[in-house]
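Single-structure report; data block below.
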Amino acid sequence: MAFFSPGLGIYIKGVVQGVGFRPFVYRLALRYKLTGSVRNTGEGVYVTAYGKPETLEGFLKALKDEAPPLARLDQIQIQPLYDAAPQIFTVLESRSDNKKTKLPPDIATCQACLHELFDPQDRRYRYPFINCTDCGPRYSVVEDLPYDRQNTTLKRFPLCPACLQEYSDPGNRRFHAEPIACPQCGPKIWLVDPSGKEITGEDPLLQAVKALKEGKILALRGLGGFHLVVEATNEQGVQRLRQRKQRPRKPLAIMVPDLKTAEELVHLSSTEKDALLSFRSPIVLAEKRPSSLAPSLAPGLSYLGLMLPYTPLHHLLFREGGFRALVMTSGNLSGTPLCFRNEEALKRLRKLADLFLLHDREIVIGIDDSVVREIGGKIRLIRRARGYVPEALPFPTESPPILAVGPLLKNTFCLTREKEAFVSQHIGDLDNLETENFFRQVLRHLQRLLEVSPRIVACDLHPGYLSTILAEEWARKFKCPLIKVPHHVAHAAAVMGEFGLERTLALILDGLGLGTDGTLWGGEILLVEHGHFERLAHLEAVPQPGGDAAAREPWRMALAYLYRVFGDQALPWAQRLLGASIPQKTLESILTAIKKGLHSPLTSACGRLFDACAALLGLCLRNSFEAEAPMLLECLAARASNERQAYPLPFSNRILKTTALVKALLEDYQREIPPETIAFKIHQGLALGFTQALLTLSQETGVRNVVFSGGCFQNALLSQLLDEHLRERGLRVFWPERLPLNDGGLAYGQALWAAWIYKRQ
Ligand code: ZN
Ligand code: ZN
Ligand code: FE
């Protein structure tokens, strides 16, 4: 390519703001001895460059090849400029004509800042809010776009001369680092007791460290909200936290000082290490090693969630305290959103924490830690929040802007704008007022950032979901069409969107969702096209005694299966297997309800089958958190790693006969086969059963693509077995990669389905 004009105008779109892009361009221009300018625009970055054609060519190449690690260049447009070349290269102020820039997520502390943090000669030595153009808060402090200091919560802190100098120097690594701060001019930390009274005296950080060492519980204000912190080696402390949080068994995530400590506590693959060290810094679920950690961190589970320090304050805590591991669990009351404001935390967490380490760098909107797990050789999202949101996902269909409100549990919502989709951070279970309010706050916030006003609303088919009710309210208010999307179809659509698939088989395994025939689905094989689907096969539908209660009490599902297998002979079995914890009268009355079909909707959900199996094995009769029984069953099965056998899961008349599987399980149980072997054979039985069914259906339909989605795919053993069997037999398997496997990815699927339906109308 040759350039005959004296200059070039270069438009760059993508993630190019808040990632050190302008200083990078400036340094590059100096290197190539070019003049011109660079500035942020609403849509990205605009560069003008004047110089010799060959240097311009080199400059263009370097722009692409050497871009900062966090930048993503989606589109580059070049036009010739014929005006006179300026004398120098300058960095210009932002122009806020429109807002279509991509804002990056919050970024873990970088190595350069970390080095300064612990350098006694540095003016930011031990300063908890050190950051630069490569790291620090972004989404959590941005009130509006374009991404400039005046649009962040840092605007309250006028820059001191030294910071201003760094901020204005195009050669400095803090040039236009919008959240730049130092001990002279920036935010501060302080310590208060639960009544809100400041604890003065010694350095607040050192006092907090001392309290943690005494086993106290600290409420720590972090990047996206509060954590409750206690030493993870202190069993009593962990128990106290569990009691106060009313969270008897749900696993608690920990933070460890460095990768070396992480490797001592869990087994880590190179993929898992990369995830831990990435700028996203999520919680990684990994297989435990024997250690001195408190046993009650993740009782009964073979894996543990851990993360590395991702803010300067975390690094300081570990450096000063020498801790091996700290529990870092969301600062919330069970079932409600994360606290992120000081006053709110003091009000809601006062009975949970012994003291509060606060700061005054305001958080615009709460955002939880993300959670990932390596399954099938890749990092899969369990919870998508900090470090990921608000990154855009491709939206492969033209449509007016859509708001998809998501499901009931693990809610996220999705907003679309042209060919992009923005999925919100994890909102939580939409079954209380606090979570509803949080939903509304996040929606308002994202709408402001994206400047988008939905013209279509999409929601679940279930009439009782709060998300559905909100969607109806919205559709009425804004007079736009409301499109209801069946739960499992939305699951399938989400993966189809991610991979741009046209027509595919979908294996959807989860625990909760209303089907189009009024029964509860969740063990489904669908054939899905854009806006059209067919239910090809499913797990045998069995009664779910007590409806929602059965999801909390797995013994109810065990009883339903005992009745299926033994009919009127079920009671003695029930007494033997469940009688120690469930009174005979209750067993009898629920059996009667099952027999008569009273308050026992039919379900084909895979999650309920796992519940039944776990309860029959005595692992868990009552869930203390969602999916506890299936998680215990998976961990038990993982111990039988040499096992290859499977229970039968016959496929006929489009139904996978789970009764046969449960019957075989009970026979093994009678023969005192080790429970881990039984647990494994359940997994293998399901994997082989579904494989057989999918093969048959693939031959019937001529479709060789299969997408996986639904909460049950968080079960690494089941997923990996399925993946292996299907690939061996020549099918192509697609799993969600950029969105959670569970209901956290559903909203995106709802949006895409709604776009397809809208187009057809
Ligand atoms: Zn940095
Ligand atoms: Zn300063
Ligand atoms: Fe689901």
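The values are calculated or read from the model by the stated rules, or taken from the named source; none is laboratory data. Everything quoted here is computed from the prediction, not taken from an experiment. So basically every Cβ, Gly included, is an ideal-geometry build from the backbone, and we count neighbours across all protein chains shown. Each accessible area value is taken on the protein alone, full model and side chains, heavy atoms only, with ligands, DNA and RNA left out. Shrake-Rupley method; radii C 1.70, N 1.55, O 1.52, S 1.80 Å.
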Could you run the Karplus curve 6.51 cos²θ - 1.76 cosθ + 1.60 with θ = phi - 60° over the range 345-352 and give me ³J(HN,Hα) per residue in whole Hz, x for Gly and Pro? 5, 4, 6, 7, 9, 4, 8, 9
At 1.4 Å probe size, with the rest of the protein present, what percent of the exposed accessible area of the range 189-359 is carbon and sulfur atoms? 49 percent
Taking Cα atoms, how many degrees apart are the long axis of helix 312-321 and the longest axis of the chain, rounded to 10 and kept between 0 and 90? 70 degrees
Solvent exposure ordering (accessible area, 1.4 Å, most first) of ASP369, ASP122, ASP568: ASP568, ASP122, ASP369
Hey, got a sec? Which chymotrypsin sites (Phe, Trp or Tyr not before Pro) in the range 59-96 land in a DSSP loop and have at most 12 other Cβ atoms within 10 Å? TYR82
Determine the shape class of the range 7-91: with a ≥ b ≥ c the square roots of the Cα gyration tensor eigenvalues, call it rounded for a/c under 1.5, and otherwise prolate if a/b is greater than b/c, oblate otherwise. prolate
Over the range 558-675, give the accessible area per residue in Å² for a 1.4 Å probe, as an integer. 46 Å²
Modelling each spin label as a point 7 Å along the Cα-to-Cβ direction, I'd like the ARG123/PHE499 distance in nm, to one decimal. 5.4 nm
Ignoring the sites themselves, what is the longest stretch of the chain with no trypsin sites (Lys or Arg not before Pro) in a DSSP loop and at most 11 other beta-carbon atoms within 10 Å? 480-643
Of all accessible heavy-atom area on the range 539-734, the percent that carbon and sulfur account for (1.4 Å): 48 percent
The range 245-377: relative contact order as a whole-number percent, Cα under 8 Å and 6+ apart: 33 percent
How far is it, in nm, from the label point at LEU30 to the one at GLU667 when both lie 7 Å from their Cα along the line to the Cβ? 7.8 nm
With a Förster radius of 25 Å, plug the Cβ-Cβ distance of GLN720 and LEU277 into 1/(1 + (r/R0)^6) and report the FRET value to the nearest 0.05. 0.55
What base-10 log of the normalised intensity I(q)/I(0) is obtained for the range 139-222 from the Debye formula, alpha carbons as equal point scatterers, at q = 0.20 Å⁻¹? -0.94
Between GLN79 and GLN150, what is the FRET efficiency for a Förster distance of 30 Å, r being their Cβ-Cβ separation, to the nearest 0.05? 0.50
Given Cα positions, please report Rg to Rh for the chain, the hydrodynamic radius being the Kirkwood one. 1.00
Violations at 24 Å Cα threshold for listed pairs LYS13/LYS273; LYS64/LYS378; LYS657/LYS681; LYS188/LYS216; LYS33/LYS61 -> LYS13/LYS273; LYS64/LYS378
Check each of the GluC sites (Glu not before Pro) in the range 483-579 and keep only those in coil by DSSP with at most 11 other C-beta atoms within 10 angstrom; list them in order. GLU502
Over the range 539-734, calculate the relative contact order: mean separation of alpha carbon pairs under 8 Å at least 6 apart, over the residue count, as a percent. 20 percent
Semi-axes in Å, largest first, for the range 294-342 (Cα gyration tensor, √(5λ)) are 21, 20, 9
How are the Cα pair distances of the range 189-359 distributed, in percent, across 10 Å bins from 0? 10, 41, 37, 11, 1
Normalising by the residue count of the chain, find the relative contact order in percent from Cα pairs under 8 Å and 6+ residues apart. 11 percent
Tilt, helix 658-670 to longest principal axis of the chain (alpha-carbon atoms), in degrees rounded to tens, equals 70 degrees
Using alpha-carbon coordinates, inclination of helix 554-566 to the longest axis of the chain, degrees: 40 degrees
Could you give the nm distance between label points at GLU728 and GLN645, where each point is 7 Å from its Cα heading toward the beta carbon? 1.8 nm
How about the range 560-659: which GluC sites (Glu not before Pro) there are in a DSSP loop, with at most 13 other Cβ atoms within 10 Å of their Cβ? none
